[in-house]
Protein chains: 2
Amino acid sequence: MSYSYPALWKVLAGAALCLSLEMMFRCIRRRRRRPLREVLFFPAPLSCTEPVLSPGLSCPCPLPHTDTALCRLLRLLLGAQRSLEVCVFTVSSQPLARAVLQLHHRGVRVRVISDSDYMASHGSQIGVLRQEGVVVRHNQSEGYMHHKFAILDKSVVITGSLNWTVQAVHTNKENVLISDDQAYVQAYLEEFERLWEEYDPATYDFFPEKDQK
Amino acid sequence: MSYSYPALWKVLAGAALCLSLEMMFRCIRRRRRRPLREVLFFPAPLSCTEPVLSPGLSCPCPLPHTDTALCRLLRLLLGAQRSLEVCVFTVSSQPLARAVLQLHHRGVRVRVISDSDYMASHGSQIGVLRQEGVVVRHNQSEGYMHHKFAILDKSVVITGSLNWTVQAVHTNKENVLISDDQAYVQAYLEEFERLWEEYDPATYDFFPEKDQK
C-alpha cells in the first residue's frame, strides 16, 4: 500500500502534464495561423505598378516606384493559384485588368460579373478581358450590379467601396477590406454563384423592364 | 527522503492540473464569445420598417411587415448606446436617416461624413440631419468621399458597397459586411478620425481645385 499512492500521483501528474501540453500546443498553433485581417485605404498616389505586374523587368517610366495600396491589392490578386471571382460594378483600371488577365493566362479559373450599363463606357476594360477569353456575365435587371468584391482561391475575400476604376484608385476616398474568415468568404461565394446563375446568357430576356420604359 | 518524492509528485500533479484547467477555461471562453461575422445582401424587398423604428405601435400601412436586410441593418444601428460614426457617400433612405436621428435624440454621439457633391441632391437626408442638430462634415477635394461605412460604439464596423439610398437598398445588388473584429474596427475608426480632421470647416479653402476648372 505504501507503494501505490506515489504511483497514483505519478499517473495523475503524467496525465495532467500531457493534457496541459496538448492545450498549450493548441493555443500556440491557433496563434501561429495568423488570420488575414487587413484594410486598404485609397486614394493611392500615382506610382509605377510594373514592379508588381512585371517583376524582374526594370521600368524606366518617370512615375515614383513606391509601394501603394494599389500595389498591395495587385499583389494579393496575383497570389491566386486556382480561382478568381470578380464581382465589380465598373472596371477601368488597366493595372487591375492586367492582373486579372495574367491570372487567366496562367490557367487560374477567372469569372467576372459586372454591371451592364457601365461595361461599354469609356475606358472600361471589360471588352479587353472578353477579347482575351475571360468569361464575363452581367445583370439584365433595372438596378445596378453595384457589388465591389473578389474572391481568391475560395479562401480570401476582398470587398469594400472601391470600384476598379482610375478615379476610385487615385482620387476618391475608398476602402477595401480583406479577410480569410470563412464565414465571410462563404457568404460572398454564395452570392457570386447566385448571380452567376441569374446572369447566365441562356436566360437573357432582352431587358424587358428597360423596354417598358 | 521516502516522504519527499510523493510530495513532489503531488505538487507537480496539482500544478499541471491547474494549468490544464486554466487552458480549458480559456478555450471555452474564447468559443463562448461568439464573434460578429455577418454579411447582408441587397436589394431588400419593400417592407414596412415601423416595427423596427417605432416598436410597439401597430402600423396600418399596406406594405408587407416582413423582416428584411434593411430591418436587420436598422436594428443594428439602433443598438448603438454611446457613439455612431457614419461615413457614407450618399444618404437618401428615410428609414436609415430616421435611425440616425433617433440615436442623436437619445443622446448617442453621432458624427456624419458625406460627399459634398451629393449632399444637396434630390431626396438627400443630410439637410434633415443637420436641421435636427446632427454634425455633418464633408469633403472639399475633387474626388468623391466614396466610403460607405459606419462604426457603432467603437466596437462594430459596418462596411460594403451600399450607399444609404432608396435605390441601393431596394433595387441594386449590394453587400454590407458587419464585424466586431477590433483589427477592422480600429482601421475604420482611424480613417474616420483622419477624415473628420481633414474636413473640419475651420480649414475650408473654398474648393480651390474646383475653382481652377
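Derivation of every value follows stated rules applied to the coordinates shown; laboratory data play no part. Keep in mind it's a predicted model, so treat the numbers as computed, not measured. We place every Cβ from the backbone using ideal geometry, glycine too, and count neighbours over all the protein chains shown.
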TM-like helix rule applied to chain B (DSSP H, alpha carbon span at least 27 Å on the long axis, mean Kyte-Doolittle at least -1.0) gives B:4-32
Please identify, among A:Arg34, A:Arg194, A:Arg26, the residue showing maximal mean-square fluctuation in a Gaussian network model of chain A using a 10 angstrom Cα cutoff. A:Arg26
Hey, got the average number of other protein chain Cβ atoms within 10 angstrom for residues in A:181-194? 3
Segment A:109-213 - percent relative contact order, Cα under 8 Å, separation 6 or more: 25
Across A:159-172, the residue-averaged tally of Cβ atoms belonging to other chains within 10 Å stands at 4
Given the convex hull over the Cα atoms of the protein assembly as shown, what projected area results after averaging over all orientations, in nm²? 32.6
Output wanted: per-residue J couplings in Hz (rounded whole) for segment B:159-167, from phi through Karplus 6.51 cos²θ - 1.76 cosθ + 1.60, θ = phi - 60°, x for Gly and Pro. 8, x, 9, 7, 6, 8, 10, 5, 4
What is the P(r) of chain A, as percent of Cα-Cα pairs per 5 Å bin from 0? 1, 6, 12, 15, 16, 13, 8, 5, 4, 3, 3, 3, 3, 2, 2, 1, 1, 0, 0, 0
Please report, for B:Tyr204, the nm distances (one decimal) from its label point, 7 Å out from Cα along the beta-carbon direction, to the equivalent points in the remaining copies, shortest first. 4.9
At 7 angstrom along the Cα-to-beta-carbon line, where would the label on A:Asp117 sit relative to the other copies? Give the distances in nm, shortest first. 1.5
Show which aspartates and glutamates lie in cross-link reach of B:Lys173 when reach means a straight Cα distance below 13 angstrom and same-chain residues fewer than eight apart are skipped. A:Asp115, A:Glu142, A:Glu191, A:Glu198
Relative contact order for chain B: what is it in percent, counting Cα pairs under 8 Å that are at least 6 residues apart? 23
